[in-house]
Amino acid sequence: MSQGPRSGLAAISSALLAMSRHLEVRDVLKTIVASARELLDAQYAALGVPDDHGGFAQFVVDGVSDAQWKAIGPLPRQHGILAAMLHEARPERLADVRKDPRFEGWPAAHPELADFLGLPIRDGDEVIGALFLANKNCPKPEGSCGFTEEDEDLLAILAQHAAIALTNARLYERSRELTIAEERSRLAHELHDAVSQKLFSLRLTAQAAAALVDRDPARAKGELHQVAALAAEAADELRAAVVELRPAALDEDGLVATLRTQTQVLDRAHSARVTFTSDGFRALPAAQEEALLRVAQEALHNALRHSGAAHVDVSVKRRGCGAVLRVTDDGDGFDPKAVRRAGRHLGLVSMRDRTSGVGGTLTVESVPGKGTTIEMEVPGG
């Protein structure tokens, strides 16, 4: 606030806009912490979300390197100043946190903190987090706190909006968990119907082959060839379902590697050629990457199960700050308007919902006999 109210308002506006862009809880926490540290020009900032066992379910820091954080060790417990913010639900502004009677020390690798400003994050009467900053970058007379009353007021505004952003992110993640559960149920039904039918046919054909093996070896041989074909089809159905059920390793591998792996598996499992290309893609917010992956999976499912395509191509490319996913097949195609009228959406409603949920756009181009192209664009973070 020392640079004047306009710069202060501009800074907090930027912080609030940054928080509103994210839907994942972890992304929101990181944005809150980085915004608070920048807003009040502090060396360190942290935000802890308490669990029900005296510790923290999540704890995010800014101003500490990955090596330092690793050396510090396990997440802190709810004690000392952190406990006061969580349980007494009041702001804490201290000239030197180390001299406070509630201070209980920290690990050897922990940075030295002196002046301190902390606030609880509240959702109504519930304290859902503790946000604090330390070591303000400013001249400080001996024994005084660099953080001012204006800083506390500014951080209180940020904490109020942080509560809204964090609550929305939690609701989004719960909604997504329900969606995933519904998808798994749908896939389980598909797997049961498809594979059970194949296995039933397989059993009947094998019985026929056994009955014919002595009196008509030639016909028995034909039946055994059919057994092999049915077994291969059942294996294809199983592989495809397993690919969809397996949680995507987005956190570890990223979207490009995950899509490449899944298209390679589908290429082996189906008679159609499945290819993948990427160009200039860079990491996006987690919610957008998951939406891109799920839309790609739905489009691949349609192309491989329903279109009769000989070739399906998946590509993901950078466009501005965001990305474009394109899934193209040379299959039977369809009339999108007729499909909507008949109520056979081929997953288009699900794809549109996923796309709009992350601020993206979905385009479907298809002509009977000329294949289908599904394009999804997301804006980035």
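Picking from residues in region 97-121 that are in contact with a Phe, Trp or Tyr (Cβ under 8 Å, 6 or more places away or on another chain) and assigned to a strand (DSSP E or B), the one that is farthest from residue 147 (Cα to Cα) is 119.
Conditions (1) open to solvent by less than 30 Å² (accessible area, probe 1.4 Å); (2) modelled with pLDDT of 90 or more; (3) not acidic (Asp, Glu), marked per residue:
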residue: 74; (1), (2), (3): no, no, yes
residue: 84; (1), (2), (3): yes, no, yes
residue: 110; (1), (2), (3): no, yes, yes
residue: 120; (1), (2), (3): yes, yes, yes
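The residues on offer are 269, 303, 296, and the sole one that is open to solvent by less than 10 Å² (accessible area, probe 1.4 Å), out of contact with any helix residue (DSSP H, G or I) (no Cβ under 7 Å at 6 or more places or on another chain) and not basic (Lys, Arg) is 303.
So which residues in region 120-151 are farther than 21 Å from residue 54 by Cβ and of a type in the set (A, V, I, L, M, F, W, C)?
As a first pass, look at region 120-151 and keep what is farther than 21 Å from residue 54 by Cβ: 124, 133-151.
Residues satisfying the conditions are 133, 134, 138, 145, 147.
Which residue is modelled with the highest pLDDT, if the candidates are limited to region 150-181 and must be open to solvent by less than 60 Å² (accessible area, probe 1.4 Å), of a type in the set (Ser, Thr, Tyr) and within 18 Å of residue 358 (Cβ to Cβ)? Step through it out loud before you land on a result.
Keep residues of region 150-181 that are open to solvent by less than 60 Å² (accessible area, probe 1.4 Å), which gives 151-152, 154-156, 158-159, 162-163, 165-167, 169, 172-173, 176, 179-181.
With of a type in the set (Ser, Thr, Tyr) added as a condition, the list becomes 167, 172, 179.
In the following step, the residues that additionally are within 18 Å of residue 358 (Cβ to Cβ) were identified as 172, 179.
Values: 172: 73, 179: 62.
For region 150-181, the residue satisfying everything is 172.
Residues in region 344-378 that are in a strand (DSSP E or B), surrounded by 17 or more Cβ atoms within 10 Å (Cβ to Cβ) and touching a helix residue (DSSP H, G or I) at 6+ places or on another chain (Cβ under 8 Å): 362, 364, 366, 372, 374, 376, 378. For region 261-281, the tally of residues that are in a loop (DSSP other than H, G, I, E, B), under 24 Å from the mean Cα position of the chain (by Cα) and within 15 Å of residue 328 (Cβ to Cβ) stands at 0. Being among the β-branched types (Val, Ile, Thr), open to solvent by 40 Å² or more (accessible area, probe 1.4 Å) and at pLDDT 80 or above, is that true of even one residue in region 242-250? Within region 242-250 (the criterion being among the β-branched types (Val, Ile, Thr), open to solvent by 40 Å² or more (accessible area, probe 1.4 Å) and at pLDDT 80 or above), the answer is no, since none of the residues qualifies. When 304, 284 are checked against the criterion of being touching a residue at least 60 places away in the same chain (Cβ under 8 Å), more than 15 Å from residue 350 (Cα to Cα) and not in a helix (DSSP H, G or I), a single residue qualifies: 284. Count of region 272-293 residues, restricted to those that are more than 18 Å from residue 359 (Cβ to Cβ), among the charged types (D, E, K, R) and touching a helix residue (DSSP H, G or I) at 6+ places or on another chain (Cβ under 7 Å), is 1. Quick one: is residue 287 among the hydrophobic types (A, V, I, L, M, F, W, C), under 17 Å from the mean Cα position of the chain (by Cα), at pLDDT 90 or above and within 30 Å of residue 24 (Cα to Cα)? Considered against the rule, which asks whether it is among the hydrophobic types (A, V, I, L, M, F, W, C), under 17 Å from the mean Cα position of the chain (by Cα), at pLDDT 90 or above and within 30 Å of residue 24 (Cα to Cα), residue 287 comes out as no.
Scan region 37-96 for residues that are hydrophobic (A, V, I, L, M, F, W, C), closer than 26 Å to residue 141 by Cα and assigned to a strand (DSSP E or B) and the total you get is 4.
Among residues that are open to solvent by less than 40 Å² (accessible area, probe 1.4 Å), at pLDDT below 90 and assigned to a loop (DSSP other than H, G, I, E, B), residue 143 is not included.
The values are calculated or read from the model by the stated rules, or taken from the named source; none is laboratory data. Everything numeric here is computed off the predicted structure, so don't read it as measured data. Because the Cβ atoms are built from the backbone with ideal geometry, glycine has one as well, and the counts that use them run over all protein chains shown. Heads up: the accessible areas ignore ligands, DNA and RNA and are worked out on the full protein's heavy atoms, side chains in. Shrake-Rupley method; radii C 1.70, N 1.55, O 1.52, S 1.80 Å.
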